[in-house]
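See structure below.
Derivation of every value follows stated rules applied to the coordinates shown; laboratory data play no part. The structure presented is a predicted model; accordingly, all values stated were derived computationally and were not measured. Cβ atoms come from the backbone with ideal geometry, glycine included; neighbour counts cover every protein chain shown.
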Amino acid sequence: MPSILLVNRVFPPDRGATGRCLADLAGRLAALGWRVTVVADGAAGADVETPPGVTLHRAGRGVPEGSGPDALSYLGALRRLAWRALRLPRHDVVVTMTDPPLSACLGPLLAARHRAAAIHWSQDVYPALLPQVGVRLPPPLFALLDGVMATALRRHDAVVAIGRCMARRLAGAGVAGERVTVLPNWPDPLVRPLAKEPNRVRAGLGLEGRFVVAYSGNLGLAHPMGGVLKAAALLRDDPSVRFLVVGEGRGHAAFTEAVRSRGLANVAVLPWQPADRLAESLSAADLHLAVMAGPAEGLMVPSKLASAMAAGRPCLFLGPEGSEAARRLDGCGGVLAAGDGAGLAEAIRAYAADPARCAAEGAKAAAVAASWTADHAALRFSALAEALLERRRGRMGAPAWQRLPYA
């Protein structure tokens, strides 16, 4: 039985999109016949949700919730993850993710220790993303980290990007094109289209009969919410429209304060919702929003987009028109500049006045989401890992992994 070791800072029940993706993939790889081991941070013996067939090793420190860890916490997690993974029995394939941000540097080290093939699963591109999330480094330090990361990425047998824009960024860092494969993130398997009413979230907030515009996910510094606030201000006197913002992150407190100080009674703010309430929370909306700062194009892909589509709702993306997120919304929503509050308000009015359009675009969104699931992704990931093993055994030539036609 081939074995695979997956390393990431978070794993359920820890919060974090990368942990949920990892749990989805790990369980499915085990079902496909892999011996799967996960190394994550967190205290040993904590309440865990480990999929069948997956062995979980905790590195020994609790994972902070809410706004997230600082740079020192990330470095501490990196050290603990490395120490735990280096002491495990040999594995055939080692997979690192991008939490903590410098984890790509672990891949070659762990691969050498385990005599394994190395895959880096790039959810974000570091250190290029650091300035977009508020981390300013002295230019010499940034250049040093950039060089170290580029070298580490080039030493992996394969790098998985979650979008074509990201794949181009990685190629620009010197990763050979034949080593990069595009494998988009999938919707949370628990999310499915539910009727707007009855809905406990809508009922609890008094939103029955209203047109609900929702933003659900991380309120990070790479997700500028100024355009959403402007649109809410322009629509404050429209009793038929309400905004619902659900999540947490470094920008959560500032957004909540802006809603309060501007007197936006048409905006409801909820905290992070547990996975078992996600389908109901997402289905409370008539229209979803996703936001990304322009300079973050190719460095990240908003993970909330896939789950919003899986809930069977149209989505408006406030971000770069040529980005990965914008392309995925073809026929399922629209694209606006991140700060275009007036354009957003106008688009919301148009959707609210056209229920048939909402239903048609929502149905297409659900169909697109259903065409790429965690099961599909696991088959592709497994095939990639098997190809690397075959290559290392000398029974294959250079790999030629085929890209998804819509990725």
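Coupling constants for region 7-18 follow from the phi torsions by the Karplus curve (6.51 cos²θ - 1.76 cosθ + 1.60, θ = phi - 60°), and in residue order they are 10, 7, 5, 10, 7, x, x, 4, 7, x, 5, 5 Hz; glycine and proline get x. Ignoring the sites themselves, the chain has its longest run without trypsin sites (Lys or Arg not before Pro) in a DSSP loop having at most 12 other Cβ atoms within 10 Å at 137-392.
A cut-off of 5 Å between modelled amide H atoms, ignoring neighbours fewer than 5 places along the same chain, links Val246 with Tyr215, Ser216, Gly217, Leu270. The Cα atoms of the chain define a convex hull whose projected area, averaged across directions, is 19.0 nm². For the chain, the residue among Val213, Val36, Ala23 whose Cα projects farthest onto the positive side of the dipole built from Cβ charges is Val36.
Across every pair of different alpha-carbon atoms, what Kirkwood hydrodynamic radius in Å does region 311-386 reach? Walk me through the intermediate numbers first.
Working: mean 1/r = 0.0718 Å⁻¹.
That comes to 13.9 Å for region 311-386.
Scanning residues 5 or more positions from Val38 or on other chains, those with amide H under 5 Å from its amide H are Leu6, Thr55, Leu56, His57, with H placed 1.01 Å from N in the peptide plane. In the chain, helices alone account for a calculated mean residue ellipticity at 222 nm of -11500 deg cm²/dmol, with every DSSP H run of four or more residues adding -39,500 (n - 2.57).
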